[in-house]
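Quick notes on the structure that follows.
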Amino acid sequence: KQEVTQIPAALSVPEGENLVLNCSFTDSAIYNLQWFRQDPGKGLTSLLLIQSSQREQTSGRLNASLDKSSGRSTLYIAASQPGDSATYLCAATGFQKLVFGTGTRLLVSP
Amino acid sequence: DGGITQSPKYLFRKEGQNVTLSCEQNLNHDAMYWYRQDPGQGLRLIYYSQIVNDFQKGDIAEGYSVSREKKESFPLTVTSAQKNPTAFYLCASSTTQGGGGYTFGSGTRLTVV
């Protein structure tokens with residue numbers, strides 16, 4: 001059974017810092033790895049999707065990497081801003097299922 | 001713009017009542033899903049459907065029912081058998097097997113009164 005873990009559970013940083021969010025998964029037989037952002041009381045917004053054959057994806061200040069052999073993905077946020085404050089979720093896609101981690105709650109202070 | 005629409009945004013249920021949450025997508029996705037989110041527990045899969053007129057139970061299907069009569073629609077009914085229905089419910093869709101990633105709706109917050 002796939003299990004996804006995210007570390008740290010919460011992170012508080014001053015504006016401008018570069019930061020890394022970690023995601024690990026137990027079953028390397030995944031189709032892809034997807035990172036989402038969730039604002040309080042809102043739905044999930046997709047940030048980056050990494051196909052199983054890919055190593056990384058980039059969008060603006062965000063970069064996500066995937067290492068299937070070690071069961072790890074990282075989300076790198078460059079030059080953090082207060083608007084980046086949210087919960088970040090990673091999810092691993094297996095056969096007909098998306099398994100989520102419990103998220104990292106990020107607070108970026110001005 | 002293509003997307004997923006969930007309604008209502010807020011829903012209140014009395015004890016013993018069945019309530020139905022709506023989910024509609026115009027992304028032409030074959031697969032649709034319902035997740036439940038509780039504080040500190042992450043998202044858990046309730047039901048999913050890969051094709052019209054077919055659906056499978058997820059990890060926490062007890063007390064819930066679904067139908068998939070149209071490709072665009074996947075309503076979720078929370079029955080009176082669900083003893084702890086207060087939660088945030090999220091609907092999602094994807095291409096078959098999720099190879100193109102998942103798209104989520106904005107959610108419905110259900111509260112028992």
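The values are calculated or read from the model by the stated rules, or taken from the named source; none is laboratory data. These numbers come from a predicted model, not from an experiment. Heads up, the Cβs are rebuilt from the backbone with ideal geometry, glycines too, and the neighbour counts pull from every protein chain shown.
Annotation note: of A:A64, A:A10, the sole residue that is exposed (fewer than 12 other Cβ atoms within 10 Å of the Cβ), within 14 Å of another protein chain (Cβ to nearest Cβ) and in contact (Cβ under 8 Å) with a residue 24 or more places away in the chain is A:A10. The number of residues in segment A:41-57 that are more than 18 Å from A:T102 (Cα to Cα), more than 11 Å from the chain's Cα centre (by Cα) and surrounded by 12 or more Cβ atoms within 10 Å (Cβ to Cβ) comes to 5. Looking only at segment B:1-39, count every residue that is of a type in the set (D, E, K, R) and touching a helix residue (DSSP H, G or I) at 6+ places or on another chain (Cβ under 8 Å) and tell me the total. Final tally of qualifying residues: 1.
Being more than 21 Å from A:G94 (Cβ to Cβ), within 13 Å of the chain's Cα centre (by Cα), within 12 Å of chain A (Cβ to nearest Cβ) and buried (at least 17 other Cβ atoms within 10 Å of the Cβ) is the requirement here; does B:F55 meet it? Considered against the rule, which asks whether it is more than 21 Å from A:G94 (Cβ to Cβ), within 13 Å of the chain's Cα centre (by Cα), within 12 Å of chain A (Cβ to nearest Cβ) and buried (at least 17 other Cβ atoms within 10 Å of the Cβ), B:F55 comes out as no. When A:Q38 is tested against (1) under 10 Å from the mean Cα position of the chain (by Cα); (2) crowded, with 18+ Cβ neighbours inside 10 Å; (3) not aromatic (F, W, Y), just one condition goes unmet, and that condition is (1). Among the residues in segment A:82-103, are any over 16 Å from the mean Cα position of the chain (by Cα), in a loop (DSSP other than H, G, I, E, B) and at pLDDT 95 or above? No.
Within segment B:69-113, the set of residues being within 13 Å of chain A (Cβ to nearest Cβ) and aromatic (F, W, Y) comprises B:F88, B:Y89, B:Y102, B:F104. Among the residues that make up segment B:88-102, is at least one of them surrounded by 15 or more Cβ atoms within 10 Å (Cβ to Cβ), under 22 Å from A:D39 (Cα atoms) and free of Cβ contacts under 8 Å to residues at least 24 places away in the same chain? Looking through segment B:88-102, at least one residue is surrounded by 15 or more Cβ atoms within 10 Å (Cβ to Cβ), under 22 Å from A:D39 (Cα atoms) and free of Cβ contacts under 8 Å to residues at least 24 places away in the same chain. Remark: pairs (first residue in segment B:38-51, facing another protein chain (nearest Cβ under 7 Å); second residue part of a strand (DSSP E or B); Cβ separation under 6 Å; 6+ apart in sequence or on different chains) = B:G42/A:F100; B:L43/A:F100; B:L43/B:Y35; B:L43/B:Q37; B:L45/B:Y35; B:Y48/B:Y33; B:Y48/B:Q56; B:Q50/B:A31. Do we find a residue being of a type in the set (G, A, S), more than 10 Å from chain B (Cβ to nearest Cβ) and assigned to a strand (DSSP E or B) anywhere in segment A:29-42? There is no residue in segment A:29-42 that is of a type in the set (G, A, S), more than 10 Å from chain B (Cβ to nearest Cβ) and assigned to a strand (DSSP E or B).
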